[in-house]
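The values are calculated or read from the model by the stated rules, or taken from the named source; none is laboratory data. Since the model is a prediction, treat every value here as computed from it, not as a measurement. As a convention, Cβ positions derive from the backbone with ideal geometry for all residues, glycine included, and neighbour counts pool all protein chains shown. We work out accessible area using only protein heavy atoms, side chains counted, and drop any ligands, DNA or RNA first. Shrake-Rupley method; radii C 1.70, N 1.55, O 1.52, S 1.80 Å.
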Amino acid sequence: MDEQLAVLLAGAIGLAGAVLGAAVGGLASYRAAKHGADVAARALAEQVVGQARHEQAQWVRQERRQLYGEISRTYADLAAALAALHGALADRRPVQDVVERVEERRLHLSVAVSPTAMLGPERVHDAARALVGATDAFVAAYRELAERRQPSGPVAPDAVRERLADSRADVHARLSDFSAACRTVLLRDGDG
């Protein structure tokens, strides 16, 4: 009987060892699987966040590109209206309609620039606001030139002509600054 008891005890101990080994092995497998799943979940979350950042940056870049292009087109419309006003003044034609068109285009430029406050960056917004300020002064000088125009004699005093020339130079400088700021933002990586 002692042998049977020893065999039974050995079997029970073996069974307990097998169950305990399976439990420990199962627990180790569970922990390893859980750790692997946690690592995979973190990696996926980081990938999703990275993708979201990339997509947002692409969206901002696209919106900026459209906005900067719209400002450039609006400025070109204003420049064309100013050229028409210059021609009308030189030819001594009536200018009231042309002055109104210039004023309308100047206002459009101010409106077109306003979203740069939101989409930025700050250096583009500052350059755009400086362009608006310079064009406001240029338009004001042209308006004064139109108001002082006399049918006989000089079109305007030299002081007005000098202010017009200075304003024109300032507008060209501000347009160049705006273009450079836009180019820097659009051509560099990141959000500028």
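General remarks:
- In the stretch 72-96, the residues that are of a type in the set (D, E) and closer than 18 Å to D136 by Cβ: D77
- Filtered residues of the stretch 1-60 (kept if basic (K, R) and over 30 Å from L187 (Cβ atoms)): R31, K34, R42
- Considering only residues in the stretch 144-158 that are within 22 Å of A79 (Cα to Cα) and part of a helix (DSSP H, G or I), the one that is modelled with the highest pLDDT turns out to be E144.
- Pairs are defined by a Cβ separation below 9 Å, a sequence spacing of at least 6 or placement on different chains, a first member in the stretch 81-94 that is at negative phi, and a second member that is of a type in the set (F, W, Y) and surrounded by 12 or more Cβ atoms within 10 Å (Cβ to Cβ); the pairs so defined are L82/F138; L82/Y142; L85/Y142; H86/Y142; L89/Y142.
- Number of residues in the stretch 107-129 that are open to solvent by 40 Å² or more (accessible area, probe 1.4 Å) and either basic (K, R) or outside any loop (DSSP other than H, G, I, E, B) (or both) equals 10.
- Out of A134, A141, sole residue that is in a helix (DSSP H, G or I), within 19 Å of L109 (Cβ to Cβ), at pLDDT below 90 and touching a helix residue (DSSP H, G or I) at 6+ places or on another chain (Cβ under 7 Å): A141
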